[in-house]
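Q: There's a structure below that I have some questions on.
What follows is calculated from the coordinates using simple rules that are stated; it is not laboratory data. Small disclaimer: the values here were computed from a predicted structure and weren't measured. Glycine gets a Cβ as well: all are built from the backbone with ideal geometry, and neighbour counts include every protein chain shown.
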Amino acid sequence: MEEEIKRAREILKNAEGITVLTGAGISAESGIPTFRGEDGLWKRYNPADVDTADGFRRNPQYVWEWYNSLRELISTKEPNPAHYALSKLEKIKPYFSIITQNVDDLHRVSGNKNIIELHGNIFRTRCIECSQEEENREVPLAEIPPRCKKCGGLLRPAVVWFEDYIPLEIIDSCLLSIENSDVMLIIGTSGLVEPAASMGLVAKHTGKTVIEVNLEESTHSQKYDLVLLGKAGEILPRIIPD
Ligand code: NAD
Ligand code: ZN
């Protein structure tokens, strides 16, 4: 492991452009459960009810009660050393961006600037009538389900649900970011959810060096250049160059 830590640090030190891809694993040590882990959120809630537009149409009240409790949980959590290591890395690199599947906003709280939110943000809402999107940090929500101030329509969380489209310009900015980088760093993602799962492969196929940090091997680990197994909060601070 010492050898791998040294190698990762060297690769990151020499890199001019870095794209980071993060998943629920980077926030696990902040106390936000992952989806598929032992105490995974999906063990308690049925995603077909709370994470689909269909479920929302059937019962917006139920969906918002779940999101309200998730927002309450997340708003008490803080970034961990892995998040802070990434904000340090952004400051010392000419080109840097984070593609995150997380909706918890912790990369912003820890000080990163160039963040692509692939799956949206739990502290934003979108009106299902007029599409108006805005920040909403009211915790707990006074009114469930909340309504649009502009048109009175139902608001939904501005997160990506199953069968939702990710806007093409978001995908485009991910690909551009990979193109502009020489190294990709993938942290705490199972590699089961597309399109994020394929981004490490795109990086590999276009000649980038890919480093992964995860508790265990993920779907495409075998194809990456370097895989560091362990906790993100312990490994990240050790591989970020001074
Ligand atoms: P996932 O739950 O499928 O996988 C989590 C990965 O993190 C696993 O591979 C696991 O081995 C790894 N991991 C767990 N603890 C770790 C640690 N301390 N250090 C390093 N690795 C660790 O998560 P995913 O791949 O992000 O996909 C799930 C979906 O869930 C995404 O769409 C995301 O939007 C959503 N989600 C987000 C949050 C959040 O915002 N914090 C939380 C749960 C789920
Ligand atoms: Zn509206």
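Q: In µm²/s, what is D for the stretch 107-242 at 25 °C and 0.890 mPa s, where D = kT/(6 pi eta Rh) by Stokes-Einstein and Rh is the Kirkwood radius from Cα pairs? Show your work: numbers first, answer last.
A: Details: Rh = 17.3 Å.
This corresponds to a translational diffusion coefficient of 142 µm²/s.
Q: Please compute the contact order of the chain in relative form: average sequence separation of alpha-carbon pairs under 8 Å and at least six residues apart, divided by the residue count, as a percent.
A: Relative contact order here is 27 percent.
Q: With everything on Cα atoms, drop me the angle between helix 2-14 and the longest principal axis of the chain, reported from 0 to 90° to the nearest 10.
A: Long axis of 2-14 versus the principal axis of the chain: about 80 degrees.
Q: Quick check: Cα centre of the stretch 50-86 to Cα centre of the stretch 101-128, how many Å?
A: Using only Cα atoms, the two centres lie 11 Å from each other.
Q: So for each of 152-163, 44-55 I average, over its residues, the number of other beta carbons within 10 Å; can you give me the resulting order with the highest mean first?
A: Ranking, from highest mean packing down: 152-163, 44-55.
Q: Compute the signed sum of charges (Lys and Arg +1, Asp and Glu -1) over the other residues within less than 12 Å, Cβ to Cβ, of Phe96.
A: Numbers: positive: Lys88, Lys91, Lys93, Lys113; negative: Glu16, Glu90, Asp182.
Here the count lands on +1.
Q: Something else now. Mean separation of Cα pairs under 8 Å and 6+ residues apart, divided by the residue count of the stretch 173-242: what relative contact order is that in percent? The partial results should precede the final answer.
A: Working: 95 pairs, mean separation 19.7, N = 70.
Across the stretch 173-242, relative contact order equals 28 percent.
Q: Right, another one. For the chain, modelled as a GNM with alpha-carbon contacts under 10 angstrom, which of Asn112, Asn214, Asn14 fluctuates the most?
A: Of Asn112, Asn214, Asn14, the most mobile in the Gaussian network model is Asn14.
Q: Report, in degrees rounded to the nearest 10, the 0 to 90 angle that the Cα long axis of helix 81-92 makes with the longest principal axis of the chain.
A: For helix 81-92, the angle is close to 70 degrees.
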